[in-house]
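Here the structure is laid out as structure tokens; the discussion comes afterwards.
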Protein chains: 2
Amino acid sequence: FEGRATDPDMAARFAFWCEADRLKSVIRATPIADGSRRENSGEHSWHIMLYARVLADHAGAGVDIARVLRMLLLHDIVEVDAGDTPIHGAVTPEALAAQEAAECAAADRLFGMLPGHQAREFRTIWDEFEAAETPTAVFAKSIDRVQPLLHNLSDDGGSWRTYDVKLSQLETRIGTKITRGCPDLWPYVRAKVTPWFVARGAL
Amino acid sequence: FEGRATDPDMAARFAFWCEADRLKSVIRATPIADGSRRENSGEHSWHIMLYARVLADHAGAGVDIARVLRMLLLHDIVEVDAGDTPIHGAVTPEALAAQEAAECAAADRLFGMLPGHQAREFRTIWDEFEAAETPTAVFAKSIDRVQPLLHNLSDDGGSWRTYDVKLSQLETRIGTKITRGCPDLWPYVRAKVTPWFVARGAL
Ligand SMILES: [Ca+2]
């Protein structure tokens, strides 16, 4: 009976879940909604899956919502090795290339812990998300961008204050991506966040 | 343009996401895998969705894995109002009935924040999970039971120490439920946790 604990596929899966658990200790730039502390990437992944499911009826043609959920479930796991990259941090092309290389190596190592067929399946989903070409990946990316805005807003600016963000930057870095994946969403969100930037003269 | 911020369906959704965010401040009895702190119900929800997806090939006939993910995404949101009930805590029938009533009221309030068709959809999924009758719900419930065992094991007992749990109790309260939803899993997990209980003479 004790021998059952040596099933190699099951052992591989438990090792993977334990490694993935470290995502709960990767701390993001943005706060949780009540502003009491910064958010970790594990709880963030859960929260944006909830955004995706609630916005399913705003997804365009060709978006597979069940696959969006699988993408968002997996999309941040590489941060266990590669860390989180704040969207508003200043980045050189060199730093960006180094981050991409680190994330690819992390995907190799972490998804590679799973039994072969599953390692390939998870890697394929993550690659599709990163490439941001299919309607499903583009929608998933837009969802990943909207939640931090609302948390920053409820925390009197949150990481916008940290990085001295202007409304025009938000439009370029975030608005275009949200519009690409979920066009109905950006006019609403933009109208919600605009007064904060106007009040600070941060246009 | 500013008027777009008054779209009532979108406003209802943002209010729901903000309320659901409080799940990140509901603290469970079990630790995260490295034992450094107790887990919150938001990150727990993400983690067990990862368990479910990885165990998809162990799901029995009639289990809809995409629906399992939707169930696990939503299953703990009622804890925002009703709190978490540790599985090993002593409970009277009265306390259990009060907890069930509190969770139903929480489901009414929280899912009821969403636009009507979505409120009904989310409530239907949560009711199916709670009833634990369909193969999909039974599988989802079994997944919810297995992750805390592994975290307790990696934290030298975790909440088993807090509640002075015996192996026989684990078999009754947890093992039967895991076996019902995912029969391949329990022999492996039981073999993994048994040495800890044997070493403490807690049979
Ligand atoms: Ca629970």
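The values are calculated or read from the model by the stated rules, or taken from the named source; none is laboratory data. Just so we're clear, the structure is a prediction, and the values are computed from it rather than from any experiment. Please note: Cβ atoms are built from the backbone with ideal geometry, for glycine as well, and neighbour counts cover all protein chains shown. Keep in mind that these areas ignore ligands, DNA and RNA; they rest on the heavy atoms of the full protein, side chains included. Shrake-Rupley method; radii C 1.70, N 1.55, O 1.52, S 1.80 Å.
Please determine, by comparing only the residues of region B:15-34 that are within 16 Å of the ligand (Cβ to nearest atom) and more than 9 Å from every other protein chain (Cβ to nearest Cβ), which one is farthest from A:ASP76 (Cα to Cα).
B:ALA29
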Condition check: modelled with pLDDT of 95 or more and either open to solvent by 40 Å² or more (accessible area, probe 1.4 Å) or not hydrophobic (A, V, I, L, M, F, W, C) (or both). Does B:GLU103 satisfy that?
yes
Show the residue pairs meeting these rules: Cβ distance below 7 Å; 6+ apart or different chains; first residue within region B:66-80 and without any contact (Cβ under 8 Å) to a residue 24 or more places away in the chain; second residue away from the ligand (no atom under 12 Å from the Cβ) and not polar (S, T, N, Q).
B:ALA66/A:ALA66; B:LEU69/A:LEU69; B:LEU69/B:MET49; B:LEU69/B:ALA52; B:LEU69/B:ARG53
How many residues does region A:15-34 contain that are open to solvent by 40 Å² or more (accessible area, probe 1.4 Å) and more than 18 Å from B:ASP34 (Cα to Cα)?
1
Could you count how many residues in region A:35-60 are more than 7 Å from chain B (Cβ to nearest Cβ), in contact with a helix residue (DSSP H, G or I) (Cβ under 7 Å, 6 or more places away or on another chain) and open to solvent by 10 Å² or more (accessible area, probe 1.4 Å)?
5
Wholly within region A:89-203, which helices (runs of 4 or more DSSP H) include no fewer than the required count, namely at least 2 residues that are free of Cβ contacts under 8 Å to residues at least 60 places away in the same chain?
A:93-111, A:116-131, A:135-154, A:167-170, A:176-181, A:185-199
Within region B:90-109, is even one residue within 15 Å of the ligand (Cβ to nearest atom) and within 14 Å of chain A (Cβ to nearest Cβ)?
no
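Residue by residue, here is whether (1) at pLDDT 95 or above; (2) β-branched (Val, Ile, Thr) holds:
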| position | (1), (2) |
| --- | --- |
| B:THR134 | yes, yes |
| B:PRO148 | no, no |
| B:HIS151 | no, no |
| B:THR172 | no, yes |
| B:LYS177 | no, no |
| B:ALA191 | no, no |
Subset of region A:138-163 [among the acidic types (Asp, Glu) and more than 20 Å from A:LYS177 (Cα to Cα)]:
A:ASP155, A:ASP156
Residues of region B:112-170 satisfying the condition of being of a type in the set (Asp, Glu) and surrounded by fewer than 19 Cβ atoms within 10 Å (Cβ to Cβ):
B:GLU121, B:ASP127, B:GLU128, B:GLU130, B:GLU133, B:ASP156, B:ASP164
Is it the case that some residue within region B:69-76 is within 14 Å of the ligand (Cβ to nearest atom) and charged (D, E, K, R)?
yes
Here is a list of conditions, (1) over 13 Å from B:ILE143 (Cα atoms); (2) more than 15 Å from the ligand (Cβ to nearest atom); (3) surrounded by fewer than 18 Cβ atoms within 10 Å (Cβ to Cβ), and B:GLY83 meets all of them except one; can you say which number that is?
(2)
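Residues that are more than 13 Å from the ligand (Cβ to nearest atom), in a helix (DSSP H, G or I) and hydroxyl-bearing (Ser, Thr, Tyr): does region B:43-64 have at least one? Steps first, please.
As a first pass, look at region B:43-64 and keep what is more than 13 Å from the ligand (Cβ to nearest atom): B:46, B:49-64.
Among the residues that remain, those that are also in a helix (DSSP H, G or I) are: B:46, B:49-54, B:56-58.
So of that shortlist, the ones also hydroxyl-bearing (Ser, Thr, Tyr) come out as B:51.
Yes; the residues of region B:43-64 include at least one that is more than 13 Å from the ligand (Cβ to nearest atom), in a helix (DSSP H, G or I) and hydroxyl-bearing (Ser, Thr, Tyr).
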Please indicate, with yes or no, whether at least one residue in region B:1-14 is over 15 Å from the mean Cα position of the chain (by Cα), of a type in the set (Phe, Trp, Tyr), open to solvent by 20 Å² or more (accessible area, probe 1.4 Å) and more than 16 Å from the ligand (Cβ to nearest atom).
yes
Total residues in region A:169-201, condition at the interface with chain B (Cβ under 10 Å from one of its Cβ atoms) and of a type in the set (Gly, Ala, Ser):
1
Tally up the residues in region B:64-79 that are open to solvent by 30 Å² or more (accessible area, probe 1.4 Å) and either more than 9 Å from chain A (Cβ to nearest Cβ) or of a type in the set (Lys, Arg) (or both), please.
3
Selection within region B:126-148 - within 14 Å of chain A (Cβ to nearest Cβ) and more than 14 Å from the ligand (Cβ to nearest atom)
B:THR136
